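Asker: Sharing a structure, written as C-alpha cells. Questions coming.
Coordinate-derived values only; no laboratory data. Keep in mind the model is a prediction, meaning the values are calculated, not measured. Because the Cβ atoms are built from the backbone with ideal geometry, glycine has one as well, and the counts that use them run over all protein chains shown.
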Amino acid sequence: MNLDITARVHSQESAGAVDGPGLRYVIFLQGCPLRCKFCHNPDTWNIKGGEELSVRDLVNNVMKYKAFMQFSGGGVTVTGGEPLLQKKFIYELFSELKYKGVHTAIDTSGYTKIDDDLDKVLSVTDLVLLDLKHLNPKAHADLTGVGNDLVFEFLKLLHQKKIRTWIRYVVLAGINDSAVYAENFAKFIKEFDNVELVELLPYHEMGTDKWSQLGLKYQLSKENIPSREKLKEIADILAKYGIETHGA
Ligand code: SF4
C-alpha cells in the first residue's frame, strides 16, 4: 500500500451522521466536473484548491475515532466535490482502512469513467451513495452541466459487482417532484437489486452564501423547495414499488 500518495482535500468532519450508516469520519475531496445548480459546496469545485494530504495523514486522523465509528456501526465516507476524480488516492486510502477494519463509503455523482482504477476502488468500497440527479438526460444536463450516460453506466457496474448502494434523490419542486417522475424513478430503480434504499433529500437554500462569495450567480429559489405533502407522495410512490426511503 502506498501511504504517501496525496489528494487535494477540502475539509474533514469527525462525526458526520448523514453520509452513510452510523457515525462517520467524512473526507471532502477537492475538484468536481459538475456544476449542480443546488450545490452546497461550490468551493470544492477547483481541483487545485484545498490542502494536499497523504493517505498516512488521513488514516492517522481517522484512527483517533475508530472506537466511536465501530460502536455506532459507522466508518469513513469520502465525498466532495466529486471524489472519483482522485481514484488512485481513494484506492490506497480505502485499502489501508479495510486493512484496519474500517467500513468505507463513497458519496458520488457517478460521473466517472469506467476504468481499471474504478474497479480497484470498488474492490475496497463497502457502500456507494449515488446522487442520481435526474433520469432525463436533458434535465440532468440543465441541472448539472453534464449528461447522465456515465451515471447510468456506473449504476450498472455497481449492480454487476453487487455493491451495496444507496440512491440520493434531491427533490426539487418543479423539476423532479411530480408523481409521474417519481413513478418512472421507482420503476427504474426497482431493476437494481443492489440498491438498498433511496434517501429523499428536500432541496434547501443552504450554500447560497458560498455562491455569492465566489461571485457566482445562483439560479434556484425558494420556489424549488418541495412541500412536505410532495415528499410524502414521492415516498408513498416508491413504497408502492417496494423501495425503502429515508429522510422524507
Ligand atoms: S456533484 Fe456535488 S460537488 Fe459537484 S457540483 Fe454537484 S453537488 Fe456540487
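Asker: Among I106, I243, I225, which comes first, second and so on when ranked by fewest other beta-carbon atoms within 10 Å?
Answerer: By the 10 Å Cβ count, ascending, the order reads I225, I243, I106.
Asker: Could I ask something else about it? Cross-link candidates for K232: which lysines have Cα within less than 20 Å, leaving aside residues fewer than 8 places away along the same chain?
Answerer: Within the straight-line cut-off, K232 pairs with K133, K187, K190, K222, K240.
Asker: For R168, what is the net charge nearby, where nearby means another residue's Cβ is under 13 Å from its Cβ and Lys, Arg count +1, Asp, Glu -1?
Answerer: -4
Asker: Would you count, across segment 17-98, every pair of lysines whose alpha carbons are under 22 angstrom apart, provided the pair is eight or more residues apart or spans two chains?
Answerer: 7
Asker: With 10 angstrom as the radius, rank D4, D177 by how many other C-beta atoms surround their C-beta, starting from the fewest.
Answerer: Values: D4 10, D177 20.
Ascending number of Cβ neighbours within 10 Å: D4, D177.
Asker: Which angle from 0 to 90°, rounded to the nearest 10, does the C-alpha axis of helix 228-240 make with the longest principal axis of the chain?
Answerer: Between the helix axis and the principal axis of the chain, the angle is about 80 degrees.
Asker: If I model a spin label at A141 and N194 as a point 7 Å from the Cα along the Cα→Cβ vector, what separation in nanometres do I get?
Answerer: In this crude spin-label approximation the distance works out to 2.7 nm.
Asker: What FRET efficiency would be calculated for the residue pair I225, N61, taking the C-beta separation as r and a Förster radius of 45 Å, to the nearest 0.05?
Answerer: 0.80
Asker: Specify the angular offset, from 0 to 90 degrees and rounded to the nearest 10, of the alpha carbon long axis of helix 87-99 from the longest principal axis of the alpha carbons in the chain.
Answerer: With both axes taken from Cα atoms, the answer is about 70 degrees.
Asker: Listing F89, F192 from the residue with the fewest other Cβ atoms within 10 Å to the one with the most, what is the order?
Answerer: F192, F89
Asker: Give me the net charge for the shell around S14: Cβ to Cβ below 12 angstrom, other residues only, Lys and Arg +1, Asp and Glu -1. Before the final figure, lay out the partial values.
Answerer: Values: positive: R24, K64, K66; negative: E13.
It works out to a net charge of +2.
Asker: Another one. Whole Å is fine, so just give me how far the alpha carbon centre of segment 226-248 lies from that of segment 49-98.
Answerer: 32
Asker: Write out the cysteines belonging to the chain for which the nearest other cysteine Cβ is not under 4.7 Å, or none if no such cysteine exists.
Answerer: Taking the Cβ cut-off of 4.7 Å, the unpaired cysteines of the chain are C32.
Asker: Further question: With charges set only on the Cβ (+1 for Lys and Arg, -1 for Asp and Glu), what does the dipole of the chain come to about its Cα centre, in debye to the nearest 20?
Answerer: 60
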